Structures are given as C-alpha cells and as structure tokens.
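> Starting off with a structure, shown below.
The values are calculated or read from the model by the stated rules, or taken from the named source; none is laboratory data. No experiment lies behind these values; they were computed from the predicted model shown. Here Cβ is always computed from backbone atoms with ideal geometry, including for glycine, and neighbour counts include all displayed protein chains.
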Amino acid sequence: MLQINNLADRIVARKDDIQTAVQRVLTRGWLVLGPEVKQFEQSFAEYLGAGDCVGVANGTDAIELALKALGVGPGDLVATVANAGMYTTTSILAIGARPYFMDVDMKTRGASLQGVVQAVAAGAKCVVVTHLYGQAIPEIAAMQEHCTRQGVPLLEDCAQAHGARVDGKCVGSFGAAASFSFYPTKNLGALGDGGAVATSDPAVAQRVRELRQYGWTSKYCVEIPGARNSRLDELQAAVLSVFLPRLDEDNARRREIATRYSREITHPLVLTPETGGADYVAHLYIVRSPQRDALREHLRASGVGTDIHYPIPDYRQPLLSGRYGETRLPNTELLAAEVLTLPCYPEMTEQQVEMVVAAVQGWSA
C-alpha cells in the first residue's frame, strides 16, 4: 500500500548526515537548551526573515505560548478557522479563552480578509491565521495591516507551510508572531515532536522563552504565570539543522508532484487545487469529491492510501457539544464532507506518482 507519506525514505536518504548530527550531540553530552537549539533558532529565524525564533516542545505548545505572549488570557475571544484539525482551538481552550470561528475561502481553504475584519469587529482579542495544506494565505499582509490598525495581534499558524512565500516573503514573518510544528510529517520535520515561535518583537520572544521554562525570569525564580516545561531538545534541533538547508529543494519536489497531479487528474468528480507558485509548498495534496468516501475506498482497493484532513469542523467536535449549536459555516462544512488527501512527499518516485494518477483516473463512480 502506498502511504500518503513515507518517513523511512526520508530518513534513509539523509541517514549519514542524521547520524553525524546525533553523534555530535551525544559526544557533547548537552541534551537540552544547548548550542544545537541556539544554532537552529538562529538559522530558522534568518531563513524566515524574522527577528527571533524560540524552540518549544511541539506545534500546539507553540500556538498556546505565542497566544499567551501576545496577551491572550481567560475569557478573551480568539478568531480562528474550524477546518484545521482542532489544534488552534485546543490551544485557545487551554488558556481559558473563547474561539470565534471564521468561515474559509473555498480556494485557499483558509481565512479571508473579510472574515478577519468581521472577527475583529466582533471583539476578537487576537486573530490566528492558518496557512493550511501548504497554501499561504495571499491576503496575509492586508490582514496584518488591518489587525495592526485595530490594535489586535495576528498570529500566523505555519505548521503546514514551512517555506511558503507571498511576494517573496516567507510566511511566519508577517504577523506579530508565528507558530511552527516540526512533527515528522511536516515539510520541515524532526524525528519526534518539536515546535517554535517566530517573531520580530523582542518582548514577545523573551516572554515565550520565559513561558517555555517554568516562568523563570532567572534560574529558579518564577515570576510568569501560565508557564510550563516546553523545550525543543538538542537532538531534534540537530536533526532539523540537517533538513533546513534542503527545505526549498524538498518543497520544489512536492510542488512538482502536486502540479503533475493537478494537470493529469481530470476525473469529472474530482476537483484538484491550483499549484505551481511559491505560495504553495504542497504539505498535503487535497482533492475534493462529492463522492469522497467511494473514491477513498476505490483508491484503497487500488493500493493507494489516503486520509481526510479534516472530517469534523472544530465547532462540531464532541468536546464542544452544545456550545456552538447555532454556528453554520457552509464552506467549512462542505470541505469537511469532500476533502481527501493523496500521497505527496519529496521522496516519491515517478512510478508512484503515475500509480496515484492512474488509480484516480480509473475510478468508475
């Protein structure tokens, strides 16, 4: 069965460099918040064009700690989309804040400028804009400008869009801060969990550094409430430093595969996304079909694995039962019923790509 991602291929391809990096850490014997983390934070900030980067334990912590560093607290209204797997919503709830759900644009499958304007007018204390599936939000600069004028911080969720660019500028460098995940399947992934907050605001960076380590303002002196132990470890930072110089190359290969899919998949019941520009890094290749489940079963029988990102809008999750009963976001709900993820990762061979195209084209709906 061809899976939607094969991490073994990535690891084997970079085995020697990974082993060198890991051995360097083991030889040094410094395993937490050492030179590897510092070097990666600096390199990733430079890559993004951001002033600073703070490594944390995972992408969800990155969202939560960034929100706290931006001043979000219990009871505050935080705008987000509801089609991105509950990750941001989980972070909002962990703070005791309240999600305000924006509907999404059908083309980008992310927030729209109009939605952001409406959210701010509704009283949102912070706006989270998710660059979903590897597609950068083209209106991100205008969103940031509006939020700045209104005194509302904008947090970019870049967990699925490492290296995507809008007008030559990397996502993660537009907002007041940005969160990243380095989960192994990400475009820039570690060999375990990891995350980071990027920002050009020194005060925000400093607050995240305090929040990621118990709220210390100096060793063993705890002053900052709401903190935790959330640190990117030296081994993962060393591995990320192996993969970072190859990120643009890997993104180009992802884009190449996605472009071929969109060109060659012409089935009348399968809608493919637009691809090709630097604003798209094909973290996940998502098609839509009104008969999604039948297509998925056909592909499984043809030896092609798929997944659904994501089948349940956040406001329909059992956890929030009854709290958003009146919420209706038609675009979000249509996407939840129709989206399907096909295999797309840099190590795919041309034969595997051909196999996916042939399987989709061969579907008799």
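> Mind telling me which of the residues Ala336, Ala282 ends up being in contact (Cβ under 8 Å) with a residue 12 or more places away in the chain and on the phi > 0 side of the Ramachandran plot?
Ala282
> Restrict the check to the range 234-249 and report whether at least one residue is under 30 Å from Val37 (Cβ atoms), at pLDDT 95 or above and not in a helix (DSSP H, G or I).
Within the range 234-249, not a single residue is under 30 Å from Val37 (Cβ atoms), at pLDDT 95 or above and not in a helix (DSSP H, G or I).
> Could you grab me the full set of residues in the range 271-324 that are under 23 Å from Thr108 (Cβ atoms), basic (Lys, Arg) and not in a helix (DSSP H, G or I)?
The answer is Arg288, and nothing else.
> Within the range 216-274, restricting attention to residues that are of a type in the set (Val, Ile, Thr) and in contact (Cβ under 8 Å) with a residue 40 or more places away in the chain, which residue is nearest to Ala190 (Cα to Cα)?
Val239
> I would also like to ask the following. Using the structure shown, decide if Val117 is touching a His at 6+ places or on another chain (Cβ under 7 Å) and of a type outside the set (S, T, N, Q).
Yes.
> Residues in the range 80-99: is at least one farther than 19 Å from Thr327 by Cβ, touching a Gly at 6+ places or on another chain (Cβ under 9 Å) and hydrophobic (A, V, I, L, M, F, W, C)?
For the range 80-99, residues farther than 19 Å from Thr327 by Cβ, touching a Gly at 6+ places or on another chain (Cβ under 9 Å) and hydrophobic (A, V, I, L, M, F, W, C): present.
Per-residue answers, yes or no, for (1) closer than 23 Å to Ser181 by Cβ; (2) surrounded by 17 or more Cβ atoms within 10 Å (Cβ to Cβ); (3) outside the structural domain of Ile265 (by TED's automatic domain parsing):
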| residue | (1), (2), (3) |
| --- | --- |
| Ile286 | yes, yes, no |
| Arg300 | no, no, no |
| Gly303 | no, no, no |
| Tyr310 | yes, yes, no |
| Leu319 | yes, no, no |
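> Only residues that are touching a His at 6+ places or on another chain (Cβ under 8 Å) and farther than 30 Å from Ala111 by Cα: list them for the range 329-361, please.
Ala359, Gln361, listed by residue number.
> Taking the range 78-127 as the region of interest, how many residues are in a strand (DSSP E or B) and charged (D, E, K, R)?
So the count comes out to 1.
> Name the residue that is nearest to the chain's Cα centre (by Cα), counting only residues in the range 144-187 that are among the acidic types (Asp, Glu) and surrounded by fewer than 24 Cβ atoms within 10 Å (Cβ to Cβ).
Filtering first and then ranking leaves Asp167.
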